[in-house]
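Participant: This is the structure I have questions about; it appears just below.
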Amino acid sequence: MVMTNHIIAVKKEKKERTKEEASEQMLQQPSYWVTSQKQLKEELVSLRNMQRSDAKYKGVPILHHYLGKDVPVWAEHEHKNAWNTLVGKKKEEVRDGEQSMELAKKHGQEVVIMPEVEEEDNAVPTVEEEKQKLLDFLQKEASSSNTKPSSSSSSRPILTAYIEPTNQKQWSIKPLPLRSSTSTKLESKPYPNLNSCKNLPSQLPINNDDDAPSNIDPFLPWIHDVIPSSTGQHVTIVAQNKRRCQSGREKMDIKTFMQPQSSLFQSVSIKRVTVKQKDDGKIDYQDEWNGNNKEEGEVSRYRLASYEDADEDGMETRYICRFKLTTTTKGETIKVWETLSTYIFNYDYNTWRKRYHQTFTYEGFDNHIIWNSQLLFNCPVPTTSLQEVIASGSSVQDDYATIFLDVIPIRTPPRYTAGDEYLPPKYGRPVTFNAEQEWGRYHVLPRVEDSGRWENIPICKPSLMEFDMEDTYDVPTATTAALIAED
């Protein structure tokens, strides 16, 4: 642990002043923040002009906050490591309060040193230390058997949002720490008013800010519609970027809190791994997946990975999609399948092709990038039999679903860098994002039941069938009964 002093500035006792004296004193105060931000913007505008004329300046590291004259606002690629070291040292100085003291003195404030507190040591761990952290985490996870019962205790499953708190302070730690969420720490928000497939878009929790779970957990997509394809091969989720509802400098607090909404538009790469609890209670971790040959006690899990390590279907994803077949009488889950989401188009690639430097900005001044307004992604339907049942519409009984979808977002910080920094290999762009450095070599995602998520999203009929237009295409004749009987 590292011991640090926390320094706060306390205003000196006010003296009685006339209105004229107060105005004069205010005008004499140095506008440090405004001046520094102007200088930052000027240098970034200059860099943008250079990028338009010379491709070698694209993707260079930049500052999002001014750190002083001794720290360049950006650095060329060959000087990236030295620049990162300098920026890190400067941030430490600011965090230790040296700059805060000077600014406080300039503004006529007294400086009070608070008692020492402990902070986590951010030293980069070795491979062995990182793996040991993972094993310790998995062991602790396995010993925690307390789970919250599903809110869907009635005869039909209820749409429920599970809220997972996000500690954005951990985003600055490299590699990204493991998430310590458990099912007992999640807050559940059930939405029993969603009970009709024909009225699904109007019954989703969208309009009332008190109801929309994205306001509490911005890693949950702000879902507006759910559309099965006519072939049943995928289910399209239609959502909106809720961070764009806020604009201007006065909304910085809420825009900072809503940053995860930007992450949802950016793909990550993941790999399936195997976690097994041995007879002696210890955890065995294998950096591979046994597929359908899993032994008893083994559980399939996912870890963040580089493109070199990622699974083929995990190269360009963001959500774990869990399909569930239920009974129509008790609403009990009979079968479960998992797939990984796909984007209809890559938002970062769009940004790069349109010659914008960044897909999103930390400050949230990106509402003009209109293609980042609507979030579209697909959940692939895993088996041919399930696809046929969804396409036939036979799984919908009494205007409600018997097949449901859980959407589990993979939670990583947004990338405020060049759009082509971490594009999948199929786009043919050099990868400058270091996945192992940012995420670590053993960043295993929590179990689904321990993760914030959307649960029990109803899979209704394809749109043409839902609104009595199925005569425009051939409807499959598959039934749910056949699906249940399938091995």
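The values are calculated or read from the model by the stated rules, or taken from the named source; none is laboratory data. The structure displayed is predicted, hence computed values, not measured ones. Don't worry about glycine lacking a Cβ; one is built from the backbone with ideal geometry, like all the others, and counts go over all protein chains shown. Just so you know, the surface numbers come from the protein's heavy atoms only, side chains and all, with ligands and any DNA or RNA stripped out. Shrake-Rupley method; radii C 1.70, N 1.55, O 1.52, S 1.80 Å.
Participant: If Lys and Arg each add +1 and Asp and Glu each add -1, what is the summed charge of the other residues whose beta carbon sits under 11 Å from the beta carbon of Ile370?
Facilitator: My count for the surroundings of Ile370 gives +1.
Participant: Another question, then. Sort the following peptides by mean Cβ neighbour count (other Cβ atoms within 10 Å, averaged over residues), highest first: 183-191, 127-135.
Facilitator: 183-191, 127-135
Participant: Hey, another quick one. Run the quick spin-label model on Asp70 and Asp398: label points 7 Å from Cα toward the beta carbon, then report their separation in nm to one decimal.
Facilitator: Output for this residue pair reads 7.3 nm.
Participant: Is the shape of the stretch 405-463 best called rounded, prolate or oblate, per the rule: a/c under 1.5 gives rounded, else a/b larger than b/c gives prolate, else oblate, with a ≥ b ≥ c the square roots of the Cα gyration tensor eigenvalues?
Facilitator: Judged from the Cα gyration tensor, the stretch 405-463 comes out oblate (a/c at least 1.5, b/c at or above a/b).
Participant: What does the charge count around Lys426 come to, taking other residues whose C-beta lies under 12 Å from its C-beta (Lys +1, Arg +1, Asp -1, Glu -1)?
Facilitator: -1
Participant: If you don't mind, there's one more thing I want to ask. Can you give the net charge of the other residues whose Cβ lies under 9 Å from the Cβ of Val444, counting K and R as +1 and D and E as -1?
Facilitator: Charge balance in the 9 Å sphere: +2.
Participant: Using the beta-carbon distance between Val431 and Val336 and R0 = 41 Å, what value does 1/(1 + (r/R0)^6) give for FRET efficiency, to the nearest 0.05?
Facilitator: E(calc), rounded to 0.05, equals 0.75.
Participant: Considering only protein heavy atoms, with the full assembly of protein chains and a 1.4 angstrom probe, order Ser181, Ser247 by accessible area, largest first.
Facilitator: Ranked list, largest accessible area first: Ser247, Ser181.
Participant: With every protein chain in place, what's the accessible area of Tyr57 (1.4 Å probe, Å², nearest 10)?
Facilitator: Surface open to solvent at Tyr57 totals about 40 Å².
Participant: If I take R0 = 30 Å and measure r between the Cβ atoms of Asn84 and Asp136 in this structure, what FRET efficiency does the formula 1/(1 + (r/R0)^6) give, to the nearest 0.05?
Facilitator: Plugging the Cβ-Cβ distance into 1/(1 + (r/R0)^6) gives 0.55.
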